[in-house]
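Remarks on the structure that follows.
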Amino acid sequence: MKSLQDKIVKEGNVLSDQVLKVDSFLNHQVDPKLMKAIGQEFARRFADEKITKILTIESSGIAPSVMAGLELDVPVVFARKRQSLTLIENLYTADVHSFTKQETNRIAVSKSFITEEDHLLIIDDFLANGQAALGLLEIAEQAGASVAGIGIVIEKAFQNGRHLLLEKNVRVESLARVQSLADGKVTFAEGVLA
Ligand code: G4P
Ligand code: NA
Ligand code: NA
């Protein structure tokens, strides 16, 4: 997606050869027009799938998911990472390990909001080692819902998330695929789009 690539090149900060900081439009400040275009692109790619609901994870998955939900005219459910006072039972849960943070967090979704009738589109902001997406797939499986695929805003193609997801036979659609962050420079797997 060219407008996303352009934004990454213009505003992304390569913190190391592993980490891309995009706080100015995705992870802290959010660019609504870019999010709208991202939502439209996800909707276009999954247009034939009869999606009933989008499943994402707080916090940075929410903005692109809401825009995709608006476009597909379906609700958006986000898995919670922190214990909620009002969400205490009837939960689907999965344990998500972060290799970067070296910690495991339990994510949770109320059983009220995903059922076996659902055909889900899972969305997240980043695909790194795939652990969050695998956790969301596990929750979909517990609910008996089917999954049309996983939509990712920025994939780090040099990490093994895509590989782990493809092993589960799930479709992965990334709007930008970063092949390398070497020498402080972003290189895209899809090349520079015209
Ligand atoms: P990991 O094993 O490589 O750490 O991957 P994991 O999926 O556990 O990622 C941990 C957090 O870091 C996630 O956000 C993920 O989106 C984010 N992340 C991973 N790699 C990058 C990167 O290169 N750049 C940026 N900006 N984020 C990255 P989170 O902590 O759950 O935060 P949020 O969703 O609340 O923003
Ligand atoms: Na995230
Ligand atoms: Na994040």
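Each value in this text was obtained by applying a stated rule to the coordinates, not by laboratory testing. Everything numeric here is computed off the predicted structure, so don't read it as measured data. Cβ: placed from backbone, ideal geometry, glycine included. Neighbour counts: every protein chain shown.
Suppose the filter is aliphatic (A, V, I, L, M), closer than 28 Å to Ala145 by Cα and either buried (at least 17 other Cβ atoms within 10 Å of the Cβ) or within 17 Å of the chain's Cα centre (by Cα) (or both); does Ile62 pass it? Show your work before the answer.
Values: aliphatic (A, V, I, L, M): yes; closer than 28 Å to Ala145 by Cα: yes; either buried (at least 17 other Cβ atoms within 10 Å of the Cβ) or within 17 Å of the chain's Cα centre (by Cα) (or both): yes.
Yes, satisfied.
What single numbered condition from (1) within 16 Å of ligand 2 (Cβ to nearest atom); (2) surrounded by 17 or more Cβ atoms within 10 Å (Cβ to Cβ); (3) not acidic (Asp, Glu) fails to hold for Leu34?
Going through (1) within 16 Å of ligand 2 (Cβ to nearest atom); (2) surrounded by 17 or more Cβ atoms within 10 Å (Cβ to Cβ); (3) not acidic (Asp, Glu) one by one, Leu34 breaks only (1).
Count, please, the residues in the range 138-157 that happen to be touching a strand residue (DSSP E or B) at 6+ places or on another chain (Cβ under 9 Å) and more than 13 Å from ligand 1 (Cβ to nearest atom).
In the first step, residues of the range 138-157 are kept if they are touching a strand residue (DSSP E or B) at 6+ places or on another chain (Cβ under 9 Å); the result is 138-143, 145-157.
Imposing the further condition that a residue be more than 13 Å from ligand 1 (Cβ to nearest atom) reduces the set to 138-143, 145-149, 151.
Total satisfying the criteria: 12.
Taking Leu72 and the conditions (1) away from ligand 1 (no atom under 16 Å from the Cβ); (2) loosely packed, with under 13 Cβ neighbours inside 10 Å; (3) in contact (Cβ under 8 Å) with a residue 40 or more places away in the chain, which numbered condition does it fall short on, given that it satisfies the others?
Failing condition for Leu72: (2).
State whether the residues of the range 91-100 include one that is within 16 Å of ligand 2 (Cβ to nearest atom) and under 22 Å from Ile51 (Cα atoms).
no
Looking only at residues in the range 13-33 that are in contact with a Phe, Trp or Tyr (Cβ under 9 Å, 6 or more places away or on another chain) and within 16 Å of ligand 3 (Cβ to nearest atom), which one is farthest from Ala182 (Cα to Cα)?
Step one: list which residues in the range 13-33 are in contact with a Phe, Trp or Tyr (Cβ under 9 Å, 6 or more places away or on another chain), which gives 17-18, 20, 22, 26-27, 31.
Then keep just the ones that are within 16 Å of ligand 3 (Cβ to nearest atom); that gives 18, 20, 22, 26-27, 31.
On the way: Gln18: 8, Leu20: 11, Val22: 17, Leu26: 22, Asn27: 22, Asp31: 26 Å.
Restricting to residues being in contact with a Phe, Trp or Tyr (Cβ under 9 Å, 6 or more places away or on another chain) and within 16 Å of ligand 3 (Cβ to nearest atom), the top hit is Asp31.
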